Protein chains: 2
Amino acid sequence: MAQTRVRVRDADATKARILEAAKEEFARLGLGGARVDEIAERAKANKRMIYHYFGSKEELFKVVLEEAYIDIRTAEQSLDLEHLPPREALSKLVTFTWRYYLENPEFIRLVNSENLHKARHIKDSARLQEVSRRFTGMVNDILKRGEDEGVFRPGIDPVQLNITIAAIGYYYLTNRFTGSFLFEQDFMASEALDARLAFNLDTVMRLVEAR
Amino acid sequence: MAQTRVRVRDADATKARILEAAKEEFARLGLGGARVDEIAERAKANKRMIYHYFGSKEELFKVVLEEAYIDIRTAEQSLDLEHLPPREALSKLVTFTWRYYLENPEFIRLVNSENLHKARHIKDSARLQEVSRRFTGMVNDILKRGEDEGVFRPGIDPVQLNITIAAIGYYYLTNRFTGSFLFEQDFMASEALDARLAFNLDTVMRLVEAR
DNA sequence: CAGGTAACGCACTATTTAGTTACTTTCGAT
DNA sequence: ATCGAAAGTAACTAAATAGTGCGTTACCTG
């Protein structure tokens, strides 16, 4: 029976449960709407532990946000786009971005919440700035290769392109509730999702391709 | 002196002040973060009046939101796009949308807040559905005219196009705080704003034009 | 000009919420 | 085995906060 014994006290596990619960709660209700008591309950941890490990609600939010950004940028890096032909690399990036937003809906909501608060929680994270720089560099690389091969037109700003790739997926998903109602169609129906991805791929390709 | 007399009691004026203050407060902090006491104070009205005229915080939010949607759709209608050549009509719409978001930042924030709450406050507004339908029809009309004239390619979905036009402006502005920090440039600098509009016009035109 | 009604204000309540105080229990290094 | 530090708990506080009960005041109508 000794081997089935479960660790009763485990700081790392508790921290991880708190972070996971906090991510859900912050994503669901925003920083202002989230309740610390609720996070503690969902994490099956005592509220005191949240203050013990993270100091305050805002500090907890900071850690959740930073983790969320690191996660997406890490996933992007592992796409290995440098080793694909430019057109394929770009369409893979568009598809990845769309799928990531779709499969990790809390990411979008956390970013929205952070922007409602004017980005004050990430303002001192050099780490996030660093991973963003790498990301822009990657897109710039794809563009340059495409230009050299004559498949992309020259002079495309990688930051503008990044923003657009994110925008056309992000906006559709974050505003799907008002969108579904106002445009009288289910934005989350699987055909609708497929159609949106196809439209977005088309948009980006037409934007970059040399005529 | 009789003519300088100011109305001390004026239901309409008080209602209007409450709505204006509520719009600001809801936009600034979201539905959850907004404080009824603060709205009352900014409106120079007694909190009791908010409950007298609007019933509850959520009902007040509903009215604010509906007004905001009506405002943008009304402004769009007055662009008179039906009487412009297709290409001009479309680029005027892209430019208008961008400028409207820029000049009425509360609109974006209200829509974000409503989507955080899964659009439950507009769910029964047939009026909003009606104005949205008219809007889609207008875009569809432009596309059809362009197709007939041979300047636009056929088969473009007007709803997808609408979403994209909104997305590429909306995302840039709503996420300008995290964006400015992560990409290390001031998203609100006037050259940056001009560059974004130019990029967006380019994106939309390449998307619709026949080759 | 009387008096009813709508506009307005004050002060209160019941509840919720972030954060804390003071304690007990577990665990691993010696 | 034991003991000190880290992990964990329960019950509290002080401040906010949405919403109200009830009384007062201005304005319009007849």
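When B:Phe61, B:Phe54 are screened for being in contact (Cβ under 8 Å) with a residue 60 or more places away in the chain, within 26 Å of B:Ser125 (Cα to Cα), within 13 Å of DNA strand D (Cβ to nearest atom) and not hydroxyl-bearing (Ser, Thr, Tyr), only B:Phe61 passes.
Can you say whether A:Val64 is more than 23 Å from A:Pro158 (Cβ to Cβ) and assigned by TED's automatic domain parsing to the domain that holds A:Ile142, as far as the supplied structure shows?
On the way: more than 23 Å from A:Pro158 (Cβ to Cβ): yes; assigned by TED's automatic domain parsing to the domain that holds A:Ile142: yes.
In short, yes.
The residues listed here are A:Thr136, A:Thr164, A:Thr178, A:Thr174; of these, the one that is surrounded by fewer than 19 Cβ atoms within 10 Å (Cβ to Cβ) and within 12 Å of chain B (Cβ to nearest Cβ) is A:Thr136.
Here A:Ala11 fits the description: surrounded by fewer than 14 Cβ atoms within 10 Å (Cβ to Cβ), on the phi < 0 side of the Ramachandran plot and out of contact with any Cys (no Cβ under 8 Å at 6 or more places or on another chain).
Go through the stretch B:125-165 and count every residue that is farther than 29 Å from B:Glu67 by Cα and in a helix (DSSP H, G or I). Walk me through how you get there before you give the answer.
Of all residues in the stretch B:125-165, those farther than 29 Å from B:Glu67 by Cα come to B:144-156.
Checking the rest, the ones that are also in a helix (DSSP H, G or I) come to B:144-149.
Result for the stretch B:125-165: 6.
Give B:Arg211, B:Arg196 a once-over and let me know the one that is within 11 Å of another protein chain (Cβ to nearest Cβ), in contact with a Phe, Trp or Tyr (Cβ under 9 Å, 6 or more places away or on another chain), in contact (Cβ under 8 Å) with a residue 12 or more places away in the chain and closer than 24 Å to A:Gly155 by Cβ.
Working: B:Arg211 fails: in contact with a Phe, Trp or Tyr (Cβ under 9 Å, 6 or more places away or on another chain).
On inspection, the qualifying residue turns out to be B:Arg196.
Could you tell me which of the residues B:Ile168, B:Ile122 is under 15 Å from the mean Cα position of the chain (by Cα), assigned to a loop (DSSP other than H, G, I, E, B) and assigned by TED's automatic domain parsing to the domain that holds B:Lys92? Walk me through how you get there before you give the answer.
Values: B:Ile168 fails: assigned to a loop (DSSP other than H, G, I, E, B).
From the options B:Ile168, B:Ile122, the qualifying one is B:Ile122.
Scan the stretch A:102-112 residue by residue and report those that are surrounded by 19 or more Cβ atoms within 10 Å (Cβ to Cβ) and either basic (Lys, Arg) or more than 8 Å from chain B (Cβ to nearest Cβ) (or both). Passing the criteria: A:Phe107, A:Ile108, A:Arg109, A:Leu110. Scanning the stretch B:4-34 for residues that are within 23 Å of B:Phe107 (Cβ to Cβ) and within 11 Å of DNA strand C (Cβ to nearest atom) yields a count of 5.
Look through B:Asp71, B:Asp80, B:Asp37 and report the one residue that is of a type in the set (Asp, Glu) and within 16 Å of DNA strand C (Cβ to nearest atom). Spell out how you get there, then give the answer.
Numbers: B:Asp71 fails: within 16 Å of DNA strand C (Cβ to nearest atom); B:Asp80 fails: within 16 Å of DNA strand C (Cβ to nearest atom).
Being of a type in the set (Asp, Glu) and within 16 Å of DNA strand C (Cβ to nearest atom) holds for just one of B:Asp71, B:Asp80, B:Asp37, which is B:Asp37.
The values are calculated or read from the model by the stated rules, or taken from the named source; none is laboratory data. Here the structure is a predicted model, which means the values were calculated and not measured. Every residue, glycine among them, receives a Cβ derived from its backbone with ideal geometry; neighbour counts consider all protein chains shown.
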